[in-house]
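Have a look at the structure below before the remarks.
Where a number appears in this text, it was derived from the coordinates with a stated rule and is not lab data. Predicted model only: the values in this text are computed from it and were never measured. Backbone-built Cβ (ideal geometry, glycine too); neighbour counts: all protein chains shown.
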Amino acid sequence: MAFLKEKDAETLRKRFEKLDKPVTIINFTQEIECMYCRETRLLLEEVAALSGKIELKLYNFQLDKEISDQYNIDKIPATVVMADKDMGIRFYGIPGGYEFASLLESIEIVSSGKSPLSPDTLKKLGEIDKDVHIQVFVTPTCPYCPAAVITGHALAHANSRIKADMVEATEFPHLAQKYRVMGVPRVVINENTFFEGALPESAYVEKVIEVVIQKQ
């Protein structure tokens, strides 16, 4: 059964005609597939089939351990979106529901090589020289979550010291409990800084900068 209706698939084909650089999507699954591993793989296969500029690579999380370790994958389903190099953009869990928009925009950002962030934000990001790990906890039914995910991915795209993960909360309940996810989006920065809601870009970046200052 196809995830995308033919009408939607045709819309995406036309949208993907504007892609610039080739995009590689790497999906980590396993032989006995986890909850939503199969669905994630099938969805990505459908997306990749819509453009010759999108290549999908599939790896077994356990059997291809060297590659899993190379990309620092510690849970599945996991999806990496990259161009000629890894930009720290990750999806943990199925990018379905509202999060499908996050997947599409991340593909377009990576392909264009151009940041959607403001010049002021890019200037501030250029000054970050410490590692930053952003985890954005979401659910597929949350209409406000994609904005938080896309901003995180855009930050990662703009600065190689920043890594940004979408984490689907219901698929990883142990993490939702660990980080006290009571509502979504909940953004966790370097384990100890939290905020909820889709903050404006400027406020989002200020939270990241606060974490960097704390590390100095």
Rg/Rh over Cα atoms for region 11-215, Kirkwood Rh, comes to 0.94
Tell me which GluC sites (Glu not before Pro) from region 82-128 have a DSSP coil assignment and no more than 15 other beta carbons within 10 Å of their own.
127
How large is the helix-only mean residue ellipticity at 222 nm for the chain, computed as the sum of -39500 (n - 2.57) over DSSP H runs with n ≥ 4, divided by its residue count, in deg cm²/dmol to the nearest 500?
-12000 deg cm²/dmol
So what's the gap between the Cα centers of region 5-25 and region 141-171, to the nearest angstrom?
21
Would you pull out the residues with amide H under 5 Å of residue 61's amide H, same chain only if 5 or more places away, H placed 1.01 Å from N?
29, 30
Ratio of the Cα radius of gyration of region 37-159 to 2.2 N^0.38 Å, where N counts its residues
1.07
Name the residues whose placed amide hydrogens come within less than 5 Å of the amide hydrogen of residue 56, ignoring near sequence neighbours (fewer than 5 apart) on the same chain.
25
Using alpha-carbon coordinates, inclination of helix 37-48 to the longest axis of the chain, degrees
80
Residues in region 24-38 near a label at residue 60, defined as backbone nitrogen under 18 Å from the 7 Å Cα→Cβ point?
27-35, 37-38
Rounded to the nearest 5, the percent of DSSP beta bridges in the chain running antiparallel is 45
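Could you order the peptides 44-53, 73-82 from most to least packed, using the average number of other C-beta atoms within 10 Å per residue? Walk me through the intermediate numbers first.
On the way: 44-53: 17.6, 73-82: 21.5.
Top of the packing list down: 73-82, 44-53.
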Could you check the spin-label model distance between residue 34 and residue 195? Points 7 Å from the Cα along Cα→Cβ, value in nm.
2.9
Qualifying trypsin sites (Lys or Arg not before Pro) for region 11-42 [loop in DSSP, other Cβ within 10 Å: at most 11]
18
HN-Hα couplings for region 180-197 via Karplus (6.51, -1.76, 1.60; θ = phi - 60°), in whole Hz with x for Gly/Pro, come out as 6, 7, 9, x, 10, x, 10, 9, 10, 10, 6, 6, 10, 10, 10, 7, 10, x
Which value results for Rg/Rh of region 51-97 when Rg is the Cα radius of gyration and Rh the Kirkwood radius based on the inverse mean 1/r?
0.96
Express the Stokes-Einstein translational diffusion coefficient of region 162-216 in µm² s⁻¹, to the nearest whole number, given a Kirkwood radius over alpha-carbon pairs, 20 °C and a viscosity of 1.002 mPa s.
177
Return a whole-number percent for the relative contact order of the chain, with Cα pairs under 8 Å and 6 or more residues apart as the contact set.
18
